1. State yes or no: is GLU277 of a type in the set (Asp, Glu), outside any helix (DSSP H, G or I) and either at pLDDT 95 or above or open to solvent by less than 40 Å² (accessible area, probe 1.4 Å) (or both)?
2. For SER232, which of the numbered conditions (1) in a loop (DSSP other than H, G, I, E, B); (2) out of contact with any helix residue (DSSP H, G or I) (no Cβ under 9 Å at 6 or more places or on another chain) fails to hold?
3. For ASP305, all conditions in the list (1) at pLDDT below 95; (2) surrounded by 12 or more Cβ atoms within 10 Å (Cβ to Cβ) hold save one; what is the number of the exception?
4. Looking only at the range 186-207, decide whether some residue is in a loop (DSSP other than H, G, I, E, B), within 30 Å of LEU67 (Cα to Cα) and of a type in the set (D, E, K, R).
5. Can you pull out every residue in the range 207-229 that is touching a Leu at 6+ places or on another chain (Cβ under 7 Å) and either at pLDDT 95 or above or under 18 Å from THR298 (Cα atoms) (or both)?
Amino acid sequence: MRSECIPPQQIRSRPRNPSLILSLTLYRDPQRGDHKDTMSPLQASLLTLLLYTGGALSQVHVPQGPLLRVEGSAVALWCNSSGPLVSGFEWSVIPAHPPRHRLQIVSSVDQDFSYAVYRDRVTVRREIYLEKVRRDASRLHLLRLQARDTGDYECYAPNTPHTYYGGHSANVRLTVIPDSLQVSLLSPADLTLSEDARAVLTCEVVSVTPQHTHVSVTWFQRSAGSSRPIASLSRESITSVASAFMTRDPRPEKVSTTLYRLTLSAEHGQYYCQATEWIQDPDKSWYPLSTKRSCDTTLHLHAADVMSAVYSSTTQTHPPWIFYPLMFLPPLVAAAY
């Protein structure tokens, strides 16, 4: 029996051949008493084939969250779309602080997209900008992060000229906390040692980041305006030594949860340590939260015999205290006679 057609409803999909658009028309079967719209077996098979083989379902992907970053640092949030014809990318945010409503940040197609609260950072200071990586991929760059940048960020990537089924947006949570990393070298600004002595450089690294983090430490020697790494301890406490300093037998070690020590043969120069705090993102990759360095310690060297002579002169400038009373005995004896 012939079926009675109803006004067609278009279900668009994109086969592998971009020139072919197939429209599937719903129909009403008069033999069904409920008169509900249905699909013929042929239409259902075609739709299944399109969805799983030749069809185009748009999906937008962003980094797995939540992401933790510190104030003053930078972050790049990537956004990829699997849609066949991506018209552009738009980023918005729902801030964690009141009022919690959507704020438009930046768009790749609309120059007037940004709300006033972001316009200065987007157009004047360029602290926020959108990088087009490929036709279907982009990155949102946020420089000099602030605590008020905490929120839920949404990437919207519509398709044109046709609308394809699937998702056109995705969200990622970003949390910005204070940078609490502090690095110091527990040595005087000027240190004098003999040529045959071994220098001890102890680096103190302190952080109160609420999440679990790891620390890597590197010691440097600075001379003539350039710095050379001597040795380092990775975030897994794996030691490494630069080949240029192997003859000085550097030995880095972790002494406690906050103290890291390097011992090596003394050599004139300026020394400092640098520490990086790492956090593991939800995708299991490690991200450097913050990197800071200590002040310099200048190491001065003297020949061993010079140091011995200096020590001897300082210890024998005055006669031993035991002879002090004898200095006054001759006058006292003379007075007695």
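The values are calculated or read from the model by the stated rules, or taken from the named source; none is laboratory data. Being a predicted model, the structure only gives us computed values, none of them experimental. Because the Cβ atoms are built from the backbone with ideal geometry, glycine has one as well, and the counts that use them run over all protein chains shown. Just the protein is used for accessible areas: all its heavy atoms, side chains included, with ligands, DNA and RNA removed. Shrake-Rupley method; radii C 1.70, N 1.55, O 1.52, S 1.80 Å.
1. Spelling it out, GLU277 is indeed of a type in the set (Asp, Glu), outside any helix (DSSP H, G or I) and either at pLDDT 95 or above or open to solvent by less than 40 Å² (accessible area, probe 1.4 Å) (or both).
2. The failed condition is (1).
3. (2)
4. Checked against the condition, which is being in a loop (DSSP other than H, G, I, E, B), within 30 Å of LEU67 (Cα to Cα) and of a type in the set (D, E, K, R), the range 186-207 yields no hits at all.
5. SER207, THR213, SER216, VAL217, TRP219
Residues are listed down the side, and each one gets a yes or a no for (1) among the hydroxyl-bearing types (Ser, Thr, Tyr); (2) open to solvent by 10 Å² or more (accessible area, probe 1.4 Å); (3) at pLDDT 95 or above:
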{"site": "THR123", "(1), (2), (3)": "yes, yes, no"}
{"site": "ARG134", "(1), (2), (3)": "no, yes, no"}
{"site": "SER138", "(1), (2), (3)": "yes, no, no"}
{"site": "GLN146", "(1), (2), (3)": "no, yes, yes"}
{"site": "TYR156", "(1), (2), (3)": "yes, yes, no"}
